[in-house]
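Working notes for the structure below.
Rule-based calculations on the coordinates, nothing more; no lab input. Just so you know, these numbers come straight off a predicted model, no measurement behind them. Please note: Cβ atoms are built from the backbone with ideal geometry, for glycine as well, and neighbour counts cover all protein chains shown.
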Amino acid sequence: MSIHIAAKPGDIAEAILLPGDPLRAQFIAECFLENPVQYNKVRNMFGYTGTYKGKRVSVQGTGMGIPSISIYVNELFRDYQVKRAIRIGTAGAIQEAVKLRDLVLALAVSTDSGVNQLRFGGRHFAPAASFTLLKTAYDVAISKGWQPKVGTVVSSDLFYTENPEEWRLWAGFGCLAVEMESAELYTLAAKYGREALALLTISDSFVSHESTNAEERQTSFTQMMEVALETAIS
């Protein structure tokens, strides 16, 4: 048992999916996993372990933002020896070619967060995905007839920014979408020598101003969930 996760040793699989929304974790456990067992409900941040096609997989909610995901991923890597962590989250598109409900595989992550500047004493670190997981996820998606977008994304510390046009700077340098957690996941995977990948479904667009509702974000982004599960057990 760690500070924020009530699981006992062995309760959590080596491969884990990390949705920000704990209700998405519950949805995945109930709809995709066989014989799911809840190992965590501390702070209502639900965690479950079950099997998918005969292989053990866990799913753990992480909350919103870098400080929140940092707590859970540190504990999962350090205290529960998780080997592969796949974030399944939502993001806002900042390129016209990236459409609502598109699947984005985050190759690397830029950020406006000060966390890594604090961690590295003002130096800059380049958080990047595990190539093995990235290639596997891409191949899985293609095999199902889906066309994922692959490229860099941005982890922002602020959902409500002072400058609503700030996204244009990142877009001008080729970033595909904005979210709030992946930079920390990739950094911690590098620290602990683990594999990590962020799969993101576009839930809204800064370009077209389209958006999905809360229920859609919680239960309907199943394409991302299927790719993540297939990648986790590969």
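A few points about this structure:
- Each Cα pair under 8 Å and six or more residues apart adds its sequence gap; the mean of these over the residue count of the stretch 15-233 is a relative contact order of 29 percent.
- DSSP loop chymotrypsin sites (Phe, Trp or Tyr not before Pro) with at most 12 other Cβ within 10 Å: longest gap in the chain: 1-119
- Lysine pair count for the chain with Cα-Cα distance under 14 Å and sequence separation of 8 or more or different chains is 4.
- Loop GluC sites (Glu not before Pro), the stretch 1-96, which have at most 14 other Cβ atoms in a 10 Å radius of their Cβ (DSSP): 96
- Convex hull of alpha carbon positions in the chain: directionally averaged projected area 12.0 nm².
- Of the residues 127, 38, 12, the one whose Cα sits farthest towards the positive end of the charge dipole of the chain is 12 (charges of +1 on Lys and Arg Cβ, -1 on Asp and Glu Cβ, taken about the Cα centre).
- Label-to-label distance for residue 159 and residue 1 is 3.1 nm, based on points extended 7 Å past Cα in the beta-carbon direction.
- Under the convention that each Lys and Arg Cβ holds +1 and each Asp and Glu Cβ holds -1, the size of the dipole of the stretch 9-62 around its Cα centre is about 40 debye.
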